[in-house]
Structure formats: structure tokens, C-alpha cells
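Quick notes on the structure that follows.
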Amino acid sequence: MGLGTYKLQGDMAYAPVLAALQSGYRHIDTASFYENEEAVGRAIVDSGVPREEVFITSKVWNTEQGYEAAMKAFESSLKRLNTDYLDLYLVHWPVTGKRLDTYRALETLYREGRVQAIGVSNFNQRHLQELYAACQIIPAVDQVEMSPFLYQKELLQHCQARDVLVTAFSPFARGRILGDARLAELGREHGKSPAQVILRWCLQKGMAVIPRSSDPGRIRENSQVFDFTLDRDEMLQMDFMHSELRTTTDPDTYE
Ligand SMILES: NC(=O)c1ccc[n+]([C@@H]2O[C@H](COP(=O)([O-])OP(=O)(O)OC[C@H]3O[C@@H](n4cnc5c(N)ncnc54)[C@H](OP(=O)(O)O)[C@@H]3O)[C@@H](O)[C@H]2O)c1
């Protein structure tokens, strides 16, 4: 479980990251594209939590792709984050013609010990197959959009069969699915909110999950999902909520 930080910038990023670390989160998801790495880095330092206890994920943006450009982008991200290593570094999107060279840069960084793990984001099975054939280090993670309303079951199974951890982004479809009456009903059974039920579904599917909130109360609420379990029927009910609700670009559009 980590804190998502897309769209949070400046103090609007600093305060939520600090609140998250204070309420027990130890994983922060950022990206050079979010233009908040500096604020994220400052909040981590100011939190007083030792650097080695925090798991920082960042990503190479599309305009930074290619071998040399990605190496440079990494140095800039480190500088902004005020750290000397990353826990996880991802290729943000499978940019056509560049993604393999970008990933090669990540392999170099991994071998040099500058990142603890490397992976990809928004890669579908086709992009992953192409990568397995070309890479030397299998990606540790594929971070993709996933929620009960966008249950990418085959992609999840593909990754799990190869020990690639799926991280679910936009688990609330950016807030759009939180008013669903069926989720409210499932939550009532457990004394939990729709948001907590969704996060639990993600975790029980074996995914990592990175919900975003800017509100300290909701940040705490989202972390309180380790004291209940959805049973088989409840999980199935949620599987059937799938309705192809995608809030961002379909990775299939990347040749
Ligand atoms: N790799 C990629 O290409 C990619 C793409 C998209 C996102 N991501 C990552 O995934 C993270 C999460 O996805 P997201 O930011 O798109 O959206 P999200 O987490 O699905 O939804 C965020 C929205 O939900 C609301 N919310 C959060 N907790 C709530 C709660 N307990 N009750 C009611 N409302 C709640 C937030 O409002 P408040 O702030 O008011 O609480 C916010 O409007 C991102 O921040 C980013 O780190 C990665």
C-alpha cells in the first residue's frame, strides 16, 4: 500500500506525504511527470522517518525516454528527491521505438546499485512479451490501471505467472466509483467505506495499490484495510463489477 501523488504539487504534495508517513505509510509513488518530486523529497526528510524505511517509486517520463535521456532523467529525479537511490524506477509508458532502450538504462542503474528494483508501467501483455525477449532483468513490477470496474484479469494472471508484481493505479477510478451503491452495501457488512472495500479487493488479488488522497483523514482511512477480509462471494461480486471503465489512455494505443 502506497500513497499516490499524481496532481498533487507544492504544498498540496508536501502535506499529504507528511500525513501519510505520520500515519504509517512507507511507500510513496511519484514520477518526474507529476512535477512534485522536490516536495515529496522534502516531506520525507521532514517526516523524520529514516530514508531506508521509506520505499520511493519514480518513473521516466515519455519525453525522457531512450538510453541516454533516461540516464539523465534518473539523475534529475534523484536530485529533486534529495536522495542517492530509488527503491523502484519505472518506464512510465511503453513509448514506441524507445521503451526497450529506456529499460536498458534502468538495467544499468540496477546493476550499478542506484535503484533497488526496476519495472514498467502501462505495459500490456504484448509490450511485456517483447520486453522479456529483449531484457536481461525481468521487471519486478508492472504498474497499471486496475479497479473492480477495470478488472484486467488476464494481465494480472500473466504477471502473476511470471512473478511480476502488479501495482494498481487509480483504484477509485479517480473517485468516480466511490458512490456505487453495491460497494457501499459491501462496506456496511464490515463497517468499512467503499474506498476501503476497493483497496481490500486489490490487496486480496495479490496486487500492490497506491490510492491518492490529499486529505489526512482519508489518507488514514485508506490505510485501515488490514483488519477485515472479503469472502469468496464478496470478491466474486466485485469481479463482476468490471465494466471497462478506464480513466487514462489505453496502453494498446502504443504500437
Ligand atoms: N503509472 C501511471 O501511468 C499512473 C496513472 C495514474 C495514476 N497513477 C498513480 O496512482 C495514484 C492513484 O491514482 P489517481 O490519483 O489517478 O486516483 P485514485 O487514487 O483512483 O482516486 C483519487 C481520488 O479519490 C479521492 N479519495 C481518495 N480516498 C478517498 C476516500 N477514502 N473517500 C473518498 N474519496 C477518496 C481523492 O480525493 P481527496 O484527495 O479529496 O481525498 C481523489 O479525488 C496516482 O496518484 C499516481 O501516483 C499512475
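Nothing in this text is a laboratory measurement; each read-out follows from the coordinates by a stated rule. These numbers come from a predicted model, not from an experiment. Methodologically, a virtual Cβ is constructed for each residue, glycine included, from the backbone with ideal geometry; neighbour enumeration extends over all protein chains shown.
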_Residue count, the stretch 75-104 (criterion: more than 16 Å from the ligand (Cβ to nearest atom), touching a strand residue (DSSP E or B) at 6+ places or on another chain (Cβ under 8 Å) and in a helix (DSSP H, G or I))_ = 1
*Is it fair to say R200 is in contact with a Phe, Trp or Tyr (Cβ under 9 Å, 6 or more places away or on another chain), outside any strand (DSSP E or B) and among the basic types (K, R)?*
yes
*Can you tell me which residues in the stretch 124-169 are assigned to a loop (DSSP other than H, G, I, E, B), more than 21 Å from E234 (Cα to Cα) and within 14 Å of the ligand (Cβ to nearest atom)?*
N124, P139
*Examine the stretch 86-97 for a residue that is of a type outside the set (V, I, T) and more than 30 Å from N222 (Cα to Cα), and state whether such a residue exists.*
yes
_Members of the stretch 1-11 that are more than 10 Å from the ligand (Cβ to nearest atom) and either of a type in the set (D, E, K, R) or buried (at least 23 other Cβ atoms within 10 Å of the Cβ) (or both)_ = D11
*Filter the stretch 35-69 for residues that are hydroxyl-bearing (S, T, Y) and within 19 Å of G2 (Cβ to Cβ) and give the result.*
S47, T57, S58
*Please tell me if Q160 is touching a residue at least 12 places away in the same chain (Cβ under 8 Å), in contact with a His (Cβ under 6 Å, 6 or more places away or on another chain) and over 19 Å from T63 (Cα atoms).*
no
_Quick check on my filter: what residues within the stretch 9-42 are among the charged types (D, E, K, R) and not in a helix (DSSP H, G or I)?_
R26, D29, E35
*Do you know which residues across the stretch 8-36 are within 15 Å of the chain's Cα centre (by Cα) and closer than 17 Å to E64 by Cβ?*
T30, A31, S32, F33, Y34
*asked:* Would you confirm, using the coordinates I've provided, whether Q116 is under 29 Å from V17 (Cα atoms), surrounded by fewer than 16 Cβ atoms within 10 Å (Cβ to Cβ) and within 17 Å of the chain's Cα centre (by Cα)?
replied: yes
*Could you grab me the full set of residues in the stretch 12-68 that are of a type in the set (K, R) and surrounded by 20 or more Cβ atoms within 10 Å (Cβ to Cβ)?*
K59
*Scan the stretch 204-255 residue by residue and report those that are surrounded by 14 or more Cβ atoms within 10 Å (Cβ to Cβ), assigned to a loop (DSSP other than H, G, I, E, B) and either free of Cβ contacts under 8 Å to residues at least 40 places away in the same chain or away from the ligand (no atom under 15 Å from the Cβ) (or both).*
K205, Q224, F228, L230, H242
_Out of Q160, Q143, Q125, sole residue that is touching a Ser or Thr at 6+ places or on another chain (Cβ under 6 Å) and of a type outside the set (D, E, K, R)_ = Q143
*Residue that is of a type in the set (K, R) and farther than 21 Å from Q9 by Cα, where the choices are R104, R80*: R104
